[in-house]
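Since the structure comes first, as structure tokens, the remarks are kept for the end.
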Amino acid sequence: MFENPENERKMKNILTLVSGNGTNLQALIDAERQSGLGQGTIAVVISDKLNVFALERAENAGIPAFTLLPDKNLPKQERRLDLSNRILAKALALQIDFIVCAGFLSILSGDIIAVYASRMINIHPSLLPKFGGQGMYGEKVHRAALDAGERESGCTVHFVDAGADTGQIILQRIVPVFSNDTPQTLAERIHVQEHAAIVEAVRRLV
């Protein structure tokens, strides 16, 4: 029985950008294995840091992975643009349909924002617009939520635009904040929801 070339064309290539442990990447990998990403397939993983476990996760899954490091010799804005342009060049060369920032700490700028408008998403560990923006990541976000006396927190998946965590919201998942929470315990509760949220968002996207 011959394969239908039309079905082949329907598959959508996803580039996943990572900076750390890669638990959200793993959630996507696991979902794809169970046909949970619809017509989406994780075609490549790019990290902006060396030797992070996310790269090992990609290797274990047989997914091509690259490291593109920010050029520390450049001023901050030029560094962001340079990295963004290198990611864009790789994405275009590999015919990437969608970009997923899954725990990616570098801020993107320049042409990639326009080229992948409405096709590039990010996940953030708070209920945006609360506790977003430059410098707000990881434990800092959860500590800010606790310091503010929030009764609930969660995660947000949104489109990437020229700002930091300012793009149109796709979906949010909410968790309670308990009186005895620490940034670590709150993070653990939110992580569970992040994994479900990023899979659901990618499935909607493709």
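Among VAL175, VAL160, VAL100, the largest mean-square fluctuation in a Gaussian network model of the chain, built with springs joining Cα atoms closer than 10 Å, belongs to VAL175. Taking label points 7 Å from Cα along the Cα-to-Cβ direction, ALA162 and ARG143 give a separation of 3.2 nm.
With a/c under 1.5 counting as rounded, go ahead and sort the stretch 33-138 into rounded, prolate or oblate using the C-alpha gyration tensor (a ≥ b ≥ c being the square roots of the eigenvalues; past the cut-off, prolate if a/b is larger than b/c, else oblate). In terms of gyration-tensor shape, rounded. Ordering 196-204, 69-77, 23-31 by mean Cβ neighbour count within 10 Å, with the highest value first, yields 23-31, 196-204, 69-77. Calculated [222 nm] ellipticity per residue, helices only, for the chain: -12000 deg cm²/dmol; basis is -39500 (n - 2.57) per DSSP H run with n ≥ 4, divided by all residues, nearest 500.
Modelled spin-label separation between ILE169 and ARG189, with each label point placed 7 Å from Cα along the Cα-to-Cβ direction: 1.8 nm. For the stretch 83-132, just run the numbers: alpha carbon Rg, then divide by 2.2 N^0.38 Å, N being how many residues it has. For the stretch 83-132, the normalised Cα radius of gyration is 1.21. Here the stretch 115-187 is treated as an ellipsoid with the same Cα gyration tensor; its semi-axes, largest first and in whole Å, are 24, 12, 9. Summary of packing: across the peptides 33-45, 122-134, the per-residue average of other C-beta atoms within 10 Å ranks them, highest first, as 122-134, 33-45. Of all beta bridges DSSP finds with both residues in the chain, what is the antiparallel percent, to the nearest 5? Here the antiparallel bridges make up roughly 40 percent for the chain.
Simple rule: put +1 on each Lys or Arg Cβ and -1 on each Asp or Glu Cβ in the chain, find the dipole, and look at ILE29, LEU69, PHE53; the Cα lying farthest toward the positive end is LEU69. Taken along the Cα-to-beta-carbon direction at a fixed 7 Å, the label points for ARG33 and GLN77 span 4.5 nm.
Computed from the coordinates by the stated procedures, all read-outs in this text should not be read as laboratory data. As the structure is a prediction and not an experimental result, all values here were calculated from the model. No Cβ is skipped: glycine too gets one built from the backbone with ideal geometry, and neighbour counts run over all protein chains shown.
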